[in-house]
Amino acid sequence: MLWLSAVLVLGFGGLTIYFGDPSFIQHKPTGIYALFAVTIFAGLMRGKPAIRYLLEYAFEGLSHEGWMKLSRNWALFFTFLAIANEAIIAAFDFDTWLTLKVWGVTALSVIFAMSNVPMLMRHGLNVEDDSEEAVEIPPQG
């Protein structure tokens, strides 16, 4: 994902600089979101949750059904982001788009991720605290 993002940033950024047209850099997120959505949907159609390969250690204990639902949810979210990005480009100027891209997408992503936690808990997410037991300190007196 990082390599893909780097290639797209360099490609679309280069086109933006070469042509002096910011629309190239505005459409880059749409391409990334759409590619992520298609990749995740393709995995779902094969019965393999693509998200699992990225987040397996973060969500220990999650059942296959939980992974499938999480993958479906993220695929739909990325589809929504791609469509929303294009709508925002059409409706607003560059500065407004940039503000919404930076702050709006970040806030939406955090809210979306947090909204998935109850579903993850129902499907076996391991939330046990692995930290060491607290050491009781005797009262001084």
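The values are calculated or read from the model by the stated rules, or taken from the named source; none is laboratory data. Not measured: the values here are computed from a predicted model. Reconstructed Cβ throughout: ideal geometry from the backbone, glycine too, with neighbour counts over all protein chains shown.
Some observations on this one:
- Checked against (1) under 30 Å from residue 99 (Cα atoms); (2) in contact with a helix residue (DSSP H, G or I) (Cβ under 7 Å, 6 or more places away or on another chain), residue 43 passes all but a single condition, namely (1).
Conditions tested, residue by residue: (1) surrounded by 12 or more Cβ atoms within 10 Å (Cβ to Cβ); (2) not polar (S, T, N, Q).
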{"position": "13", "(1), (2)": "yes, yes"}
{"position": "26", "(1), (2)": "yes, no"}
{"position": "33", "(1), (2)": "yes, yes"}
{"position": "40", "(1), (2)": "yes, yes"}
{"position": "43", "(1), (2)": "yes, yes"}
{"position": "47", "(1), (2)": "no, yes"}
{"position": "61", "(1), (2)": "yes, yes"}
{"position": "67", "(1), (2)": "yes, yes"}
{"position": "71", "(1), (2)": "yes, no"}
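- Filtered residue count, the range 24-66, keeping only those that are without any contact (Cβ under 8 Å) to a residue 24 or more places away in the chain and more than 30 Å from residue 91 (Cβ to Cβ): 15
- Selection count, the range 69-126, where residues are in a loop (DSSP other than H, G, I, E, B) and touching a residue at least 40 places away in the same chain (Cβ under 8 Å): 5
- Number of residues in the range 1-23 that are in a helix (DSSP H, G or I) and within 27 Å of residue 93 (Cβ to Cβ) equals 14.
- Residue within the range 49-68 that is part of a helix (DSSP H, G or I), among the polar types (S, T, N, Q) and either within 22 Å of residue 2 (Cβ to Cβ) or modelled with pLDDT under 95 (or both) present: no
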